[in-house]
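To start, the structure itself, in C-alpha cells.
The values are calculated or read from the model by the stated rules, or taken from the named source; none is laboratory data. Remember, it's a predicted structure, so these values are computed and weren't measured experimentally. No Cβ is skipped: glycine too gets one built from the backbone with ideal geometry, and neighbour counts run over all protein chains shown.
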Amino acid sequence: MSLGEDRWIEKLAQEGMIEPFVPHQVKEVEGKKIVSYGLSSYGYDIRVANHFKVFTNVYNSIVDPKNFTEDAFVDIHADECLIPPNSFALARSVEYFRIPRNVLTLCLGKSTYARCGIIVNVTPFEPEWEGHVTIEISNTTPLPAKIYANEGIAQVIFFQASNVCQVSYADRGGKYQKQTGITVPIV
C-alpha cells in the first residue's frame, strides 16, 4: 500500500473483509469518551467483545501449549473485565475478518492501554485467514487492570502485496481458520 491508497481498506471492507465495518474513528458513544475504534489512516482499530477468559492458577495448572487445559481460565461475560496483576486474559474481536490472498496484517495494541502497562498480543492475519481474532491481553503491572468491552483494543495494519501468495493459510488448512469464539492453543 502506498500513500494516497489508504481507502483500499474501506473498499475491501465493503466487500466483506471486516464485519461489522465502521468507516471512521469512533471516539465517543452517547456523550461518553471511549477507547477509539474503526477505520484509521492506514489501518483499522478493532474492538474487544464482552467475553473474556481470565487466567487463574486455582488448580496449579501448568501453561503448556501442547496440552492446554481450559480449567486454567475463568469465563467472564461483562462490559468490563479486571485482569489480575501480572496475569492475562484471552478475548476475541467484535469484528470478523476475511483476509484477501494478497494481504497480510499485523496487529498492535492501542497506546491508551500500552501506557497503562497493558500489552496486547495477536499474531499476523495471514493471506486467506478468516475468523474472529483471539486476543491475548497481558497485565504487566502489580495492580488489577480494567479492560472495556466493545471499545478499541488494538490496531490492525494491512500490507497489500503486488502479487498473491503461492500458499495461503486456507490452502494449508490452518488450524485457527474460521474461529468464532475465543480459541485456546491447538497443536
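Quick check on region 155-187: of everything there that is in a strand (DSSP E or B) and in contact with a Leu (Cβ under 7 Å, 6 or more places away or on another chain), which residue is surrounded by the fewest Cβ atoms within 10 Å (Cβ to Cβ)?
Only one residue fits best here, namely 159.
Write out, first by first residue and then by second, each pair whose Cβ atoms fall under 6 Å of each other, whose residues are 6+ apart or on separate chains, and whose first residue, in region 103-123, is over 19 Å from residue 81 (Cβ atoms) while the second is among the acidic types (Asp, Glu) and modelled with pLDDT of 95 or more.
Every condition considered, no pair remains.
So residue 61 fits all but one of (1) farther than 30 Å from residue 165 by Cβ; (2) modelled with pLDDT of 95 or more; what number is the exception?
Of (1) farther than 30 Å from residue 165 by Cβ; (2) modelled with pLDDT of 95 or more, only one is false for residue 61: (2).
With (1) basic (Lys, Arg); (2) more than 10 Å from the chain's Cα centre (by Cα); (3) within 19 Å of residue 49 (Cα to Cα) as the list, and residue 66 as the residue in question, which single condition is left unmet?
Looking at each condition in turn, residue 66 falls short on (3).
Identify the single condition in (1) in a loop (DSSP other than H, G, I, E, B); (2) closer than 30 Å to residue 32 by Cα; (3) acidic (Asp, Glu) that residue 128 does not satisfy, given that it satisfies every other one.
Checking residue 128 against (1) in a loop (DSSP other than H, G, I, E, B); (2) closer than 30 Å to residue 32 by Cα; (3) acidic (Asp, Glu), the one that fails is (2).
For region 39-67, name all the residues that are surrounded by 16 or more Cβ atoms within 10 Å (Cβ to Cβ), touching a residue at least 40 places away in the same chain (Cβ under 8 Å) and not charged (D, E, K, R).
Residues satisfying the conditions are 40, 43, 44, 46, 48, 49, 50, 51, 52.
Counting just the residues of region 64-105 that are at pLDDT 95 or above, assigned to a strand (DSSP E or B) and of a type in the set (Gly, Ala, Ser), which one comes out farthest from residue 154 (Cα to Cα)?
Taking the candidates together, the pick is 89.
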